[in-house]
Amino acid sequence: MGRQADANAVVPLPVRDGVAPSYLWLDDKPLDGALAFLTYHFADVGEAVWRDRMARGEVVDGSGAVLGPDSVLRRGMRIWYYRELDAETPIPFEEEILFRDDHLLVVDKPHFLPMTPGGRFLHETLLVRLKSKTGLAQLTPIHRLDRETAGVVMFSHQEATRGAYQSLFQKRSVHKVYEALAAPLPELTFPLVHRSRMVEGNPFFRMQEVDGEPNSESVIDVIGAQGDAMLYRLQPHTGRKHQLRVHMAALGAPIINDAFYPEALPCKGDDFANPLKLLARSIGFDDPLSGQARRFESRRTL
């Protein structure tokens with residue numbers, strides 16, 4: 001399948017409406033002609049769609065030469081094109097830019113908005129929205145939040161300094177604080193540290209805890225009661241997929257409206273009525289360029 005170009009790649013097509021072009025690497029002997037090849041590999045797209053894209057000059061090779069239906073392909077070349085969706089459900093929540101300088105863009109992400117294009121999401125993703133609004137073609141997320149999670153997330157838009165900020169996360173030099181609403185746990189004493197070994201679960205999109213040496217750690221504390229629920233402060237010391245959601249479920253208090261844990265619930269499609277009650281409240285670190293202490297906080301509430 002096609003892959004979207006990363007921010008560092010030299011590509012023959014420009015960013016269009018915030019969408020970077022995708023490419024297909026020909027590592028097998030291609031079928032005769034570009035149209036036959038693309039129709040074979042993307043059967044769900046259809047021949048008429050590819051003909052239209054070619055007529056618009058939006059299917060090119062690595063040098064930017066426009067490919068037509070009968071263009072000869074060869075092993076080792078890349079075909080560049082724009083990914084398009086016939087219909088995409090609008091996500092009725094807006095992101096907010098909290099900070100921007102010559103290197104970073106810090107954003108307050110709403111619930112339900114995916115970070116990057118994939119599956120049935122393209123324009124309705126945080127990355128594409130931000131590229132379209134800011135014109136920052138080199139914008140790249142330094143870390144990620146689940147689609148279901150709201151809150152503070154950081155992007156780099158300067159290739160030369162991106163590695164310095166990425167290394168903060170690799171070295172665990174970033175202080176991340178989350179908040180979550182879940183059932184009270186009166187039998188436990190807070191704050192507490194929850195450690196476990198997390199591995200991919202079944203179905204594939206879930207994680208699970210298993211016996212073995214811990215590879216995940218979270219500090220969990222109580223902020224106070226909020227109605228019948230309790231507001232918790234969560235501080236992940238590691239960054240496993242769904243870590244906080246798994247840890248809260250393991251303690252017996254799954255985060256309110258969690259459709260994955262403790263059990264995977266039927267997909268609700270585009271139902272926006274019940275967001276996951278998990279918020280990336282703040283992120284703090286010492287800036288690797290200036291040495292300045294930085295802290296960014298979400299303006300959202302649960």
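The values are calculated or read from the model by the stated rules, or taken from the named source; none is laboratory data. Remember, predicted model here, so these are calculated numbers, not experimental data. Note: ideal-geometry Cβ built from the backbone for every residue, glycine included; neighbour counts use all protein chains shown. These accessible areas exclude ligands, DNA and RNA; they are computed on the full protein's heavy atoms, side chains included. Shrake-Rupley method; radii C 1.70, N 1.55, O 1.52, S 1.80 Å.
Every condition in (1) over 18 Å from the mean Cα position of the chain (by Cα); (2) surrounded by 18 or more Cβ atoms within 10 Å (Cβ to Cβ) is met by residue 85 except one, and the failing one is (2). Scan the stretch 258-289 for residues that are polar (S, T, N, Q) and touching a residue at least 40 places away in the same chain (Cβ under 8 Å) and the total you get is 1.
Residue 91 meets each of the listed conditions (1) of a type in the set (Val, Ile, Thr); (2) within 30 Å of residue 291 (Cβ to Cβ); (3) in contact with an Asp or Glu (Cβ under 9 Å, 6 or more places away or on another chain) apart from (2). Looking across the stretch 135-173, just one residue is farther than 29 Å from residue 271 by Cα and β-branched (Val, Ile, Thr), and that is 161. One residue stands out in the stretch 46-81 among those that are open to solvent by less than 40 Å² (accessible area, probe 1.4 Å) and aliphatic (A, V, I, L, M): the one that is nearest to the chain's Cα centre (by Cα), namely 79. One residue stands out among those in the stretch 174-215 that are under 21 Å from the mean Cα position of the chain (by Cα) and under 19 Å from residue 152 (Cβ atoms): the one that is surrounded by the most Cβ atoms within 10 Å (Cβ to Cβ), which is 180. If you scan the stretch 137-156, which residues turn out to be among the hydrophobic types (A, V, I, L, M, F, W, C) and either closer than 17 Å to residue 295 by Cα or surrounded by 21 or more Cβ atoms within 10 Å (Cβ to Cβ) (or both)? Hits for the stretch 137-156 are 139, 142, 145, 150, 152, 153, 154, 155. For the stretch 90-111, does any single residue satisfy the condition of being open to solvent by less than 60 Å² (accessible area, probe 1.4 Å), over 26 Å from residue 178 (Cβ atoms) and not aliphatic (A, V, I, L, M)? Within the stretch 90-111, none of the residues are open to solvent by less than 60 Å² (accessible area, probe 1.4 Å), over 26 Å from residue 178 (Cβ atoms) and not aliphatic (A, V, I, L, M).
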